[in-house]
Amino acid sequence: MATVHLRIGDLVWGKLGRYPPWPGKIVSPPKDLKKPRGKKCHFVKFFGTEDHAWIKVEQLKPYHPHKEEMIKINKGKRFQQAVDAVEDFLKKAKGKEQNSDSKGDSKGKKTPNKPLKILEEDDEDLSALKDPSEKPVKDDPHFHHFLLSQSEKPASSMEPISKRLKIIEEDTGSTSIQAADSTAINGSITPTDKRIGFLGLGLMGSGIVSNLLKMGHIVTVWNRTAEKCDLFIQEGARLGRTPAEVASMCDITFSCVSDPKAARDLVLGPSGVLQGIRPGKCYVEMSTVDPETITELAQVITSRGGRFLEAPVAGSQQLSNDGMLVILAAGDRSVYEDCSSCFQAMGKTSFFLGEAGNAARMMLILNMVQGSFMATIAEGLTLAQATGQSQQTFLDILCQGQMASTFVDQKCQNILQGNFKPDYYLKHIQKDLRLAISMGDMANHPTPMAAAANEVYKRAKALDQSDNDISAVYRAYIH
């Protein structure tokens, strides 16, 4: 590609390591961003993800001549959305050019052999790429991971600027920061300047921390098993020796652990969070626990002058990795607002539900429904088998009806393949069912469906399925 002459404004395909080529546009880098040493490269802004990177010229191809070739080798949804964004951009640019020609602007004319210059060098506002009525597209997590992995390699072929998003937004004039109850339109997030702490790097916490780091937040991590912190330290996180130290070092400390006991121990135990709380410090409990635990934690945190928010998340490990969780928050509204950029980084949307305890109640109800539904699906699959019906045909029919969903399709396919790798632990959904049933008892409200499902999950746990995915409830019906 050395013979291809590219310049600012050109549309290109940029190759990022082992990932497929991605459509982008050569733009002017921020004034304070130095070009990597070594081979010649261009600064590229990628469509769909709104990431930026320095790309070697040999890893760039002109957009139009190679469009069909690239579309054939990549069929992903996010890739197609990125290509659609390019085409939409071209239509708008063509319309702008036609309007200029109709006014007799001779400077707008171009010769056939001259590369089309989409925008002037100082015109980098790509807000036209998105239809405001459309739901926002979150970034490809693998794409982000590659950029992040290059962050400590100044001589490499590309240099990410995920930690310079604020600078880039100011230079380009584009804005994307929104209220905490919606996702950033183009994936660019201005990270808070507050110091963030995170306790608990399990299935959910790991994805959350990764996305916080990718979006440029300053994060200090702690985990009971310290080895789990190593990967995040490599990605730029700082290490806290104890929960108390993290809370004392950080402005906002999040925690995401397995159950009410773990949540209490983290705050009230030796070297716990409470010891690091000072007036103004914020504590955000993201674990799925009962309302009583939330009330207790809120009281002890505020008694030290701290500010408390609960923010359990609806989703799975995959959704956590993708930054597509749904956050349910309750408690101190000002903390919710302070967490705006964090919630944008980790989730697709968030809800503020009022006083502390309401988010725990809502989350238990949601997980009660999900757990009961999963048990019913497993029951249907095994009944189909017991009556001589094809389980695959049952799934095919199910996925063509009103209950069709990604959740049903993925869980059922995993069951049929015997794949029970945890995306959400079975033991945790059983815990949530138990807590929901208890909540129903306290409200004098019957929960017979949840009670029946709970018994099936208890049987699955007795069959040593606790650390498998919730879909492993299927095995309770076949043993």
Top to bottom by accessible area (1.4 Å), largest first, where do Lys228, Lys421 land? Lys421, Lys228
Cβ-derived FRET efficiency at R0 41 Å, Ile478 paired with Lys194, nearest 0.05: 0.25
Under the Kirkwood approximation applied to all pairs of distinct alpha-carbon atoms, what is the hydrodynamic radius of the stretch 362-476 in Å? 14.4
Would you check the accessible area of Asp423, probe 1.4 Å, heavy atoms only, in square angstrom rounded to 10? 30
In whole Å and largest first, what semi-axes does the C-alpha gyration tensor of the stretch 10-89 yield when each eigenvalue is scaled by 5 and square-rooted? 22, 14, 11
Express in Å², to the nearest 10, the accessible area of Glu227 obtained by rolling a 1.4 Å probe over the protein heavy atoms while all chains stay in place. 130
The stretch 176-356: Kirkwood hydrodynamic radius (Cα pairs, Å) comes out at 15.7
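The values are calculated or read from the model by the stated rules, or taken from the named source; none is laboratory data. All values reported here derive from a predicted model rather than from experimental measurement. A quick note on method: Cβ atoms are made from the backbone with ideal geometry, for glycine too, and the neighbour counts reach across all protein chains shown. Keep in mind that these areas ignore ligands, DNA and RNA; they rest on the heavy atoms of the full protein, side chains included. Shrake-Rupley method; radii C 1.70, N 1.55, O 1.52, S 1.80 Å.
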